[in-house]
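J.: A single structure is presented below for examination.
Laboratory data are not the source of any read-out in this text; all were calculated from the coordinates shown. For clarity, every value in this text was computed on a predicted model and none was experimentally measured. Note: ideal-geometry Cβ built from the backbone for every residue, glycine included; neighbour counts use all protein chains shown.
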Amino acid sequence: MKRALLLATAGALYPLAAMAQAPSPSAESIIRDLRPTAGEATGPTRGIRPAAPAADAAKPHASAQAPSDEAPSVKLMVDFRTGSAELTPAAAHTLDSLGHALTSQALAKYRFRIEGHTDTVGTPSLNKALSTRRAEAVSSYLEKNFAIDSARLDPEGLGSDDLPVPTPDQTPEPRNRVVKVVNLGG
């Protein structure tokens with residue numbers, strides 16, 4: 001009986017332990033994910049758009065890159081306390097990598113949408129408000145600590161829409177509490 005309880009507890013805590021041990025992405029990997037590739041248009045365009053390649057070739061850093069028909073993006077595990085928009089020390093570490101990436105020459109001319117997401121615990125309206133506060137906290141951190149102009153950052157809360165890990169309502173899933181950064185173009 002005790003062994004079954006221990007195994008059940010370990011199974012429930014494994015995703016949290018894996019997240020805590022997951023290293024923050026490097027600034028270089030974030031740059032690779034957010035930099036448009038040749039032929040990839042970002043932002044408004046005029047006239048004819050280049051056709052998408054016949055088959056999407058996997059990128060060598062195959063992480064959280066968006067499909068080729070979308071703007072370049074990256075999903076980051078930004079650790080917030082449950083029900084809070086306060087950044088944790090682990091969140092600050094991840095955002096330091098993002099700040100270094102966004103201030104690099106490779107990305108300095110682009111604007112970015114900072115999308116906050118939540119898990120499905122709580123009501124949709126509360127999750128939307130919480131995710132907005134989280135996106136704003138990320139933007140504020142980047143502005144304060146990396147002198148990134150607020151005009152380059154567009155915080156937006158999406159609540160529990162577009163879940164990375166589909167879960168039923170009222171499921172506390174840490175992998176759904178992410179921040180997605182999308183390159184909006186120059």
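J.: Take peptides 101-112, 129-140, 23-34 and line them up by average Cβ neighbours within 10 Å, highest first, as a rough protection proxy.
T.: Ranking, from highest mean packing down: 129-140, 23-34, 101-112.
J.: Reachable aspartates and glutamates from residue 109, Cα under 13 Å, same-chain residues fewer than 8 places away excluded?
T.: Leaving aside aspartates and glutamates fewer than 8 places away in the same chain, those within reach of residue 109 are 149.
J.: Give the aspartates and glutamates reachable from residue 75 as a straight Cα distance under 18 Å; neighbours fewer than 8 places away on the same chain don't count.
T.: In chain and number order, the partners are 28, 33, 96, 115, 119, 136, 154, 156, 161, 162, 173.
J.: Now for a separate question. In a shell of Cβ-Cβ distance under 13 Å around residue 143, excluding residue 143 itself, what net charge do Lys and Arg (+1) and Asp and Glu (-1) give?
T.: Here the charged neighbours net out to -1.
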